[in-house]
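The values are calculated or read from the model by the stated rules, or taken from the named source; none is laboratory data. Remember, it's a predicted structure, so these values are computed and weren't measured experimentally. So basically every Cβ, Gly included, is an ideal-geometry build from the backbone, and we count neighbours across all protein chains shown.
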Amino acid sequence: MTRIARREASQEEAARQKEIIGRLGKRLEGQELTYHLSTFGCQMNFHDSEKLRGILEEIGYRESADETKADFVLYNTCAVRENAEQKVFGKIGFLKNVKRSRPHMLLALCGCMMQQEGVVQTLKRSHRHIDLVFGTHNLYRLAELLEARMDSDSPIYDIWDSHQEIVEDLPTRRTDRHKASVNIMYGCNNFCTYCIVPYVRGRERSRNPEEILEEIRHLAADGVVEVMLLGQNVNSYGRGLPGHTNFARLLEEIEKVEGIRRIRFMTSHPKDLSEDLIRVLGASSKICPQLHLPFQSGSSRILERMNRGYTKESYLELIRKMKAAVPELALTTDIIVGFPGETEEDFLHTLDVVDQVGYDLAYTFLYSKRTGTPAASMGEQVEEEVAKERFNRLLALCNRQAYDKSAAHVGKVFEVLVEAVNDRENGILSGRLANNHLVHFSGAPAEGFLDRAVGTFLQVKVTGAKSFYLTGEAI
């Protein structure tokens, strides 16, 4: 299918779904139905949930904080770590008894967990109270699937192995009026040996740049001042598209959109971070001086077993180039401890990378087996006690670094995008610096100032620091 034909097919499908949404809305009009949506996992999942909310609210559902009283309960699931899956199974087990007393309640599951055949079989065998199950490739069909379940006496299971068309032009309910996430691509081609994502999200598919830009222009017109560009590996954006489209060029075009003042993105893969991208980041006035660049392990030997496609030395060279191009760059990362075959020497290389780079924040994880990944069947699985001891050493170093990075802000004045009125302390606002550091600060005493400040930019003097946030005062 050609690029034009694919776009036309996507537009036709979006129009079809809107027709179903309208039809279902008329069918349920006046019933005052409620929904509860719980989201597990990454920012991609949370953005997917904004779309699910938009569809449900367009139909006429209103959100409920209490899943035991909602008419429609939906869990958007994650498959990256086992504990997220266990939480979902715990919730659906709990709701089994609730449904006995509220037989009209509908219970649905979607997202990454549902792309695993073993999970689906378990649901069919042991959780027959579930009404609707769908995966990652057909989230946009929520209204159609919900209508099908209402017309059926049996549960609906609709799991797709893959999908080429990208259907975006559907209702969305954002959680923030001044910030928005934008998918620029879907799927992943990297197949890191520990990761289930390529198997549940599918192969890499990039959106057309003109569609991305059109969406961002609409967001800017709606008052959005900060966009977060999302993809499993944004650095490989554009592969498969005609011409010379790549991530660096896309960023240059987004920077031209009037009204957008901050641009963020995640996640970047080190093996695809190009010289062209470094140049754009260094020259930009809107791209935030913050980069999330997972290194996972400091050992080149372990990185090879992980199929990461770079070495310790090449990663550190990338960091050197990034810091030279963006001197105020804030760096965050992901690190796995206890990967199969990891020795004490390998772990010391990880500590060395952390020590050399100096991260503003590190997300640290104990290796978790994921069925269906190559690493799950590798020999030399690290003993749990050994992995935990290493993890604690790493965490102590990362926490010290995080505090030192925060403390370096004290006494300085920064521009802050105000995100919320703090719900724990009166008279306090919360927002983020361009480098993504969170700051809680006192505002001016003028009447109504707090509510008016949300979504605006203020100058804030940082007066104190904790490991994971700053304190300050508006000036």
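Structure notes:
- Scanning the stretch 157-175 for residues that are within 20 Å of the chain's Cα centre (by Cα) and among the aliphatic types (A, V, I, L, M) turns up ILE166, VAL167, LEU170.
- Exactly one residue out of GLU85, GLU144, GLU117 is closer than 26 Å to ALA15 by Cβ and of a type in the set (Asp, Glu), and it is GLU144.
- For the stretch 162-180, residues that are touching a helix residue (DSSP H, G or I) at 6+ places or on another chain (Cβ under 7 Å) and at pLDDT 95 or above total 1.
- Test result for PRO294, assigned to a loop (DSSP other than H, G, I, E, B), under 22 Å from the mean Cα position of the chain (by Cα) and modelled with pLDDT of 95 or more: yes
Residue-wise test of (1) farther than 22 Å from VAL197 by Cβ; (2) surrounded by fewer than 21 Cβ atoms within 10 Å (Cβ to Cβ); (3) in contact with a strand residue (DSSP E or B) (Cβ under 6 Å, 6 or more places away or on another chain); (4) of a type in the set (Gly, Ala, Ser).
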position	(1), (2), (3), (4)
GLN296	no, no, yes, no
LEU303	no, no, no, no
LEU316	yes, yes, no, no
PRO327	yes, yes, no, no
ALA330	yes, yes, yes, yes
ASP334	no, yes, yes, no
LEU351	yes, yes, no, no
GLN356	yes, yes, no, no
PHE365	no, yes, yes, no
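- Residue count, the stretch 414-457 (criterion: of a type in the set (A, V, I, L, M), within 25 Å of THR332 (Cα to Cα) and either buried (at least 18 other Cβ atoms within 10 Å of the Cβ) or modelled with pLDDT of 95 or more (or both)): 8
- Selection status of SER236, within 21 Å of the chain's Cα centre (by Cα), over 10 Å from ILE184 (Cβ atoms), buried (at least 21 other Cβ atoms within 10 Å of the Cβ) and hydroxyl-bearing (Ser, Thr, Tyr): yes
- Unique match (being at positive phi and under 24 Å from the mean Cα position of the chain (by Cα)) among GLY309, GLY341: GLY309
- Filter result for GLN290 (under 25 Å from ALA387 (Cβ atoms), crowded, with 22+ Cβ neighbours inside 10 Å and out of contact with any Pro (no Cβ under 7 Å at 6 or more places or on another chain)): no
- Residues within the stretch 161-185 that are in contact with a strand residue (DSSP E or B) (Cβ under 8 Å, 6 or more places away or on another chain) and either in a loop (DSSP other than H, G, I, E, B) or among the polar types (S, T, N, Q) (or both), tallied: 9
- Verdict on ALA79 being over 12 Å from LEU139 (Cα atoms), out of contact with any strand residue (DSSP E or B) (no Cβ under 6 Å at 6 or more places or on another chain) and buried (at least 23 other Cβ atoms within 10 Å of the Cβ): yes
- Here HIS104 passes the criteria (1) crowded, with 19+ Cβ neighbours inside 10 Å; (2) more than 21 Å from THR373 (Cα to Cα) except the one numbered (1).
A quick yes/no check of all residues on (1) more than 16 Å from the chain's Cα centre (by Cα); (2) farther than 30 Å from THR373 by Cα; (3) assigned by TED's automatic domain parsing to the domain that holds ASP334; (4) hydroxyl-bearing (Ser, Thr, Tyr):
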residue: LYS26; (1), (2), (3), (4): yes, yes, no, no
residue: ILE55; (1), (2), (3), (4): yes, yes, no, no
residue: TYR61; (1), (2), (3), (4): yes, yes, no, yes
residue: PHE72; (1), (2), (3), (4): yes, yes, no, no
residue: VAL80; (1), (2), (3), (4): no, no, no, no
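- Only a single item in (1) part of a helix (DSSP H, G or I); (2) within 16 Å of GLY111 (Cα to Cα); (3) not β-branched (Val, Ile, Thr) is not met by ALA5, and it is number (2).
- Residues (at positive phi and either in contact (Cβ under 8 Å) with a residue 24 or more places away in the chain or surrounded by 17 or more Cβ atoms within 10 Å (Cβ to Cβ) (or both)) located in the stretch 3-40: GLU32
- Residues of the stretch 113-160 that are among the β-branched types (Val, Ile, Thr) and part of a loop (DSSP other than H, G, I, E, B): ILE130, THR136, ILE159.
- Number of the condition not met by GLY60 [criteria: (1) surrounded by fewer than 21 Cβ atoms within 10 Å (Cβ to Cβ); (2) at pLDDT below 95]: (2)
- Residues in the stretch 359-418 that are closer than 30 Å to ARG261 by Cα and assigned to a helix (DSSP H, G or I): GLN401, ALA402, TYR403, ASP404, LYS405, SER406, ALA407.
- Enumeration of residues in the stretch 239-257 that are assigned to a loop (DSSP other than H, G, I, E, B), at pLDDT 95 or above and of a type outside the set (A, V, I, L, M, F, W, C): ASN246, GLU255, LYS256
- Options ARG305, ARG301: the member that is within 30 Å of GLU342 (Cβ to Cβ), assigned to a helix (DSSP H, G or I) and touching a residue at least 60 places away in the same chain (Cβ under 8 Å): ARG305
- THR122 vs. criteria of a type outside the set (Phe, Trp, Tyr) and within 19 Å of HIS36 (Cβ to Cβ): no
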